Structures are given as C-alpha cells and as structure tokens.
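One structure below.
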Amino acid sequence: MDLSHLQPVIAALHTTPQRLVYEFSGAGSLALWWLHRVAGSSRTVLEATDRYSARSLADLIGHMPTTFVAATTASAMARQAYQRALTLRDNHTPVLGVACTASIATDRRKHGNHRGVVATCDDQRLTLYSLTLVKGHRDRLAEETLVSQLVIHAIGMAWGLDPALPLDLSADDTLTTSWSRPGTLETVAELLAAKVTTVTVYADGHCVANQPVSGALLSGSFNPLHSGHIQLAETAARQLGLPALFELPVINADKGSLTLEEILRRLTQFYGQHTLVLSRAPLFRDKADLFPGSVFVIGYDTAIRLVAPHYYGGVAAMHTALAAIRAAGCRFLVAGRSVEGRFHTLDDVPVPADYQDLFLALPASDFRVDLSSTELRQQAG
C-alpha cells in the first residue's frame, strides 16, 4: 500500500511517550516494518517477536492453545507482551502489549475462515479486534496488509490517537471490537466452560464470578442494548424499590452458546453505565435457582411464552417450572409491548389461575417504548 497514508499516523505514534512489545503469529509482519520504516521507531518499539511456529507461540503463553486464531490466544499473547514491556521499560514509562494472531491466504486451501485477532493490553484495559475475511476476495499480500493496518489502528486507539485508517472491508467481511479489564476475558471463558455459574461485570469493568445477585433482573440478548432496555430497567427499579441489573444468558435454549468474541462485544455496551450479569441459564426456571428472590423484568411476548405449555412439552411440565420459580421466591414484572400494531399488556396473557400471584403488571402509563432489537439490527444492516 501507499506508505504516505500511514506515515503521519506512525510519526504521531513515535512522538508519544508510550512504548510497546509486539508479538505476532500468522500475519502482522507489515505492521512492524511500517513502524520501523518511519524514523523514530526506537522510541516506540521495545521488542517484537514473530511466533510463527506452534511451539514458539505455546512457549510465549505457557500452553498449546486449542485454537490459535482466537480471542483467548490473542489476549494471552497481549498480556505476555505487556509483562515483557514492563521488564524492558526505563523508569515508569507507560507501556503496551500488542498481539496479532491470524490465518490468511497461503499456497494451500484452508478449510476455516481467513481471519485475524488483534489485542492490546495495558494495566487498565484489554482491547480485542476480531476480523473475518471473505475467502478468495484478496491474495495473501492484500490480507496481510489489511491485518497489519488493523494492528497500527489498534496501537493508535490504545494510546488515545484516532488514526482513522480506512480499512478496505468488503460487505461480507466482519470486524468486531470489544474491551474489558485484564482478566475479564479469562473469567468469561471459565463461564463458557461451566467452571463458574455466573459472572457479574460492573460498570467500571471489574468482574466477580459466582457472586450472589438479587433485585430486578432484566434478561435479554442485548443485540443491541438500546434506550428501551435502559428505560425499562429504570422504571422497574422505581416501581419495585429494588436495584435493577441486566442479565445476559450466554447459552440460548434454541441457538446454543454465544462465542467469546460475541459476549465481549455485547458486554462492551454496558461499560461505564450499568452492571451486567452473565449466566449459563437460558430458562427462567434455571435463573430462579441462580437468583432466588429476584423479580424478572420481562415483556409481554416473553410472558406469553412462559405460560404456553408447548414450550415445556406439556401442561404438567409448565406447572412444575412455575412452581419451582415460586419456591425460589421469584416473580415477574411484565411490561406491555406492541405486536402487529396493537399494544398488549399482562391483561392479554392467559396466566393460569394458580400462578397469577407470580405476575405483576407494569402500567403503560409508566412505561411504553416501542423499540425492537431486531428492527435496530435490520436498520444497522
């Protein structure tokens, strides 16, 4: 690519006081060359290592990764790079660990996607950029160029510079960005592996596994989080006199588990604003076991499914589930929702007589926001 476009960005990086250690595998070598091509790289680069063989990468992170091009691998590489930078810096110079792991076009056909994951790590934040490329759209050099551009972009963003580098992404390429506190990614990975049951992530980014939680819980996919979710949580908190939290199940009863990258992307929406609880509980009966004494804040459409026997496999199974929720001291606060042009409320839900005490209505006069995550995704698309 034309270096003149990158030169002012890299020159700006060289004028900052920060320094970095760079670990890369599979792609990202052009990023190092570009850094050295612009005068002043000795003020930026402390060390860089090409971890091209599997054993070299395993030696860096301390184990042989199950998947080489993954958020967990890039995260581990970036953390090791940061620790190495701490040992190489002078005095208290601020430092950054940078990592890139990628699988791009080569001289043989690859079965998986062509993709790369770039990570940056300092004492406050771990940022991940996950890039998936369309096979056959570019040759190896073009894919290497794009991945290396992403590395330069990530460094600039970590140092408070906005390089605004245009990435030549096609309509079918995908790039997701997420950030977390160092250690959060590993804790979320433990949740996916069922080593912990919940992860509570606070607005400041720190997380706690298996922490007891209760209050008003608004469960959802939050893809995306929008103003309707936030207003509903705030209204529920006022009506109930309880703290309101958001809950994201990482396992969907119909669609399986979310990927680690997707969980982190959705989690990023909450930073600086709200507490989010991650769980492995897709069903409200499971949630009741995890969060006894809670009030689950739901919409009309969810309430309809809660009292539909076919979702349980029969009437008896539905009654068993609702009885277990009651035994856990849990209830439901139901907000109205517009469906096919008509606003429906709890009055439109055929709640069995024996379980009407489990359901409370949130009046439309207190809350009505006709927003849909599905519609927002379609608009964004």
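Can you list the residues of the range 226-255 with backbone N under 14 Å from a point 7 Å past the Cα of A317, pointing along Cα to Cβ?
253-254
Give a quick list of chymotrypsin sites (Phe, Trp or Tyr not before Pro) in the range 1-66 that DSSP marks as loop, anything other than H, G, I, E or B, with at most 16 other Cβ atoms within 10 Å.
Filter output for the range 1-66: Y52.
How much net charge surrounds V339 when only the other residues with a Cβ under 11 Å from the Cβ of V339 are counted, with Lys and Arg +1 and Asp and Glu -1?
Residues near V339 contribute -2 overall.
From Cα pairs below 8 angstrom and at least 6 apart in sequence, can you work out the relative contact order of the range 232-381, rounded to a whole percent?
Reported as a whole number, the value is 21 percent.
Please label the shape of the range 150-285 as rounded, prolate or oblate, based on the square roots a ≥ b ≥ c of the eigenvalues of the alpha-carbon gyration tensor (a/c under 1.5 means rounded; beyond that, a/b larger than b/c means prolate, else oblate).
It is prolate, given that a/c is not under 1.5 and a/b is the larger ratio.
When a/c reaches 1.5 or more, the comparison of a/b and b/c decides; with that in mind, is the chain rounded, prolate or oblate per its Cα gyration tensor?
Here the chain falls in the prolate category.
Under 25 Å between alpha carbons, and skipping anything fewer than 8 positions from K110 in its own chain: which lysines qualify?
Within the straight-line cut-off, K110 pairs with K135.
Once you keep just the Cα pairs under 8 angstrom separated by 6 or more residues, what percentage relative contact order results for the chain?
Relative CO of the chain lands at 12 percent.
Once you treat every alpha carbon in the range 3-180 as an equal point and sum by Debye, what is log10 I(q)/I(0) at q = 0.08, 0.15 Å⁻¹?
Here the Debye-derived log intensity ratios amount to -0.22, -0.80.
For q = 0.09, 0.11, 0.12 Å⁻¹, what log10 I(q)/I(0) does the range 195-380 give under the Debye formula with an equal point scatterer on each alpha carbon and no solvent?
Here the Debye-derived log intensity ratios amount to -0.31, -0.47, -0.57.
Specify which residue in the list T127, S53, S42 is farthest towards the positive end of the charge dipole of the range 3-180, using unit charges on the beta carbon of Lys, Arg (+1) and Asp, Glu (-1), about the Cα centre.
Positive-most Cα among the choices belongs to S53.
Nearest 500 deg cm²/dmol is fine: what mean residue ellipticity at 222 nm does the chain get from its DSSP H runs of n ≥ 4 alone, each adding -39,500 (n - 2.57), divided by its residue count?
-10500 deg cm²/dmol, from helical runs alone.
Which lysines, on any chain, are close to K287 with Cα under 25 Å apart, when same-chain ones fewer than 8 places away are left out?
K195, K255
Going by amide H atoms built from the backbone, whose H comes under 5 Å of the H on E247, apart from near neighbours?
L218, S219, G220, V277
Just so you know, all these numbers are worked out from the coordinates, no wet-lab data involved. Owing to the predicted nature of the structure, the values given are computational and were not obtained by experimental measurement. Don't worry about glycine lacking a Cβ; one is built from the backbone with ideal geometry, like all the others, and counts go over all protein chains shown.
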